[in-house]
Each structure stands twice: as C-alpha cells, then as structure tokens.
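Participant: Quick one: the structure is below, questions incoming.
The values are calculated or read from the model by the stated rules, or taken from the named source; none is laboratory data. Computed from a prediction, not measured in an experiment: that's the story for all the values here. All Cβ positions, glycine included, derive from the backbone under ideal geometry; neighbour counts span all protein chains shown.
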Amino acid sequence: MAFTKLRLSSHQLRVETGRYASNRTPHNERYCLICNSIDLEDKYHFLLICNMYTYTDIRRQYINKYYYENPSVLKLIELVQSKDATILNNLCKYVYEAFEKRVNVVNVVNM
C-alpha cells in the first residue's frame, strides 16, 4: 500500500503537501524537512538521496547499492519499473519503513 501511495503521488512528501497547503509553497522551495538540505523532497530524493541516518540504514538493507551509490533519474526509473519480484518486494519494504520513520521525524520537527 505504501508503494502504491508513492507511485500515485498520494503521499506526504513535501513535493505534494506543499502544493495543497493553505500557504502554498512554490515548487522549488519544497525542501526536505528530514535532512535539512536544499533538495526537493520528491520520490527521487526520498528513495535514493536523503541522507537521514535511518533512511540510509533502511536503504542499505533493502535496495541494491547499484541504485543509490551514484543515483540518477534513470536508475530511479529502472528501480521502480523493475520486473524482478525480489527487487520490488524489497523496495516496498523500504518505502513502508521509511514512511513510518518519516512520520516520527516530521512530528518532532514540527513541535
């Protein structure tokens, strides 16, 4: 279910939430709240870039190093569109666990 939400843009990443907030955030200012970088918090950043320690640990556990070591949009597309059931299953596990961790971190940041 978490992976489906990611694919359908029905998630809480800033690239989407900034679009609907009452004080709408311009697209180029929807920065990642997790790692405090000036990167947009989009699918690419969430899956392969964000250097928050818990994402990094989960990423190492579930995603092949090939995808995140020198990430690119082409590798993201290859990962998400994989036909390999093991790769997709692990990606789903990553997305689920990373979303769970993100909720906790964002709640702390917003306090």
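Participant: Which pairs do you get when a residue that is in contact (Cβ under 8 Å) with a residue 12 or more places away in the chain, found in segment 92-105, comes within reach of a residue that is surrounded by 18 or more Cβ atoms within 10 Å (Cβ to Cβ) and aliphatic (A, V, I, L, M), reach meaning Cβ atoms under 6 angstrom, with the pair 6+ apart or on two chains?
Facilitator: Pairs found: Tyr94/Ile58; Tyr94/Ile63; Val95/Leu6; Glu97/Ile58; Ala98/Ile58; Val105/Ile34.
Participant: Quickly run through segment 29-58 and pick out the residues that are touching a residue at least 12 places away in the same chain (Cβ under 8 Å) and among the polar types (S, T, N, Q).
Facilitator: Those that are touching a residue at least 12 places away in the same chain (Cβ under 8 Å) and among the polar types (S, T, N, Q): Ser37, Asn51, Thr54.
Participant: Taking the condition modelled with pLDDT of 95 or more and not hydrophobic (A, V, I, L, M, F, W, C), does Lys83 pass?
Facilitator: On the way: modelled with pLDDT of 95 or more: yes; not hydrophobic (A, V, I, L, M, F, W, C): yes.
Yes, satisfied.
Participant: Then there's this: Identify the residue in segment 26-49 that is of a type in the set (D, E, K, R) and not in a loop (DSSP other than H, G, I, E, B) and, among all such residues, is modelled with the highest pLDDT. Write out each step before concluding.
Facilitator: Step one: list which residues in segment 26-49 are of a type in the set (D, E, K, R), which gives 29-30, 39, 41-43.
Narrowing further to those that are not in a loop (DSSP other than H, G, I, E, B): 29, 43.
On the way: Glu29: 76, Lys43: 85.
It comes out as Lys43.
Participant: Still on this model: Would you mention how many residues in segment 20-36 are surrounded by fewer than 15 Cβ atoms within 10 Å (Cβ to Cβ) and either within 23 Å of Leu74 (Cα to Cα) or in contact with a strand residue (DSSP E or B) (Cβ under 7 Å, 6 or more places away or on another chain) (or both)? It would help to see each step written out before you state the result.
Facilitator: The first filter runs over segment 20-36 and keeps only residues surrounded by fewer than 15 Cβ atoms within 10 Å (Cβ to Cβ), leaving 20-24, 26-29, 36.
If we keep only those that are either within 23 Å of Leu74 (Cα to Cα) or in contact with a strand residue (DSSP E or B) (Cβ under 7 Å, 6 or more places away or on another chain) (or both) too, we end up with 27-28.
Total satisfying the criteria: 2.
Participant: Same structure, new question: Say we look at segment 78-104 and pick out the residues that are among the charged types (D, E, K, R) and part of a helix (DSSP H, G or I); which of these is farthest from Leu13 (Cα to Cα)? Don't jump to the end; show me each part of the working.
Facilitator: Pass one, segment 78-104, residues among the charged types (D, E, K, R): 78, 83-84, 93, 97, 100-102.
Cutting the leftovers down to part of a helix (DSSP H, G or I) gives us 78, 93, 97, 100-102.
On the way: Glu78: 21, Lys93: 17, Glu97: 14, Glu100: 12, Lys101: 13, Arg102: 9 Å.
That would be Glu78.
Participant: Would you mention how many residues in segment 85-99 are buried (at least 16 other Cβ atoms within 10 Å of the Cβ) and either of a type in the set (Ser, Thr, Tyr) or touching an Asp or Glu at 6+ places or on another chain (Cβ under 7 Å) (or both)? Don't jump to the end; show me each part of the working.
Facilitator: Of the residues in segment 85-99, the ones buried (at least 16 other Cβ atoms within 10 Å of the Cβ) are 87, 90-99.
Narrowing further to those that are either of a type in the set (Ser, Thr, Tyr) or touching an Asp or Glu at 6+ places or on another chain (Cβ under 7 Å) (or both): 94, 96.
So the count comes out to 2.
Participant: Tally time: how many residues in segment 50-67 are in a helix (DSSP H, G or I) and surrounded by fewer than 19 Cβ atoms within 10 Å (Cβ to Cβ)? Working first, answer last.
Facilitator: Residues of segment 50-67 that are in a helix (DSSP H, G or I), as a first pass: 53-62, 65-67.
Right, trim to surrounded by fewer than 19 Cβ atoms within 10 Å (Cβ to Cβ) and you get 53-54, 56-57, 60-62, 65-66.
Going through segment 50-67 one residue at a time, the tally reaches 9.
Participant: When the residues of segment 11-25 are narrowed to those that are in contact with a helix residue (DSSP H, G or I) (Cβ under 8 Å, 6 or more places away or on another chain) and in a loop (DSSP other than H, G, I, E, B), which ends up modelled with the highest pLDDT? Outline the logic, then answer.
Facilitator: First, the residues of segment 11-25 that are in contact with a helix residue (DSSP H, G or I) (Cβ under 8 Å, 6 or more places away or on another chain): 11-13, 15, 18-19, 24-25.
Next, from what is left, pick out any that are in a loop (DSSP other than H, G, I, E, B): 11-13, 24-25.
Values: His11: 65, Gln12: 71, Leu13: 71, Arg24: 79, Thr25: 75.
Per the stated criteria, the residue is Arg24.
Participant: Of everything in segment 68-77, what is outside any helix (DSSP H, G or I) and touching a residue at least 24 places away in the same chain (Cβ under 8 Å)? Give them in sequence order. Let's see the steps before the verdict.
Facilitator: Taking segment 68-77 and keeping what is outside any helix (DSSP H, G or I), we get 70-72.
Matches in segment 68-77: Pro71 only.
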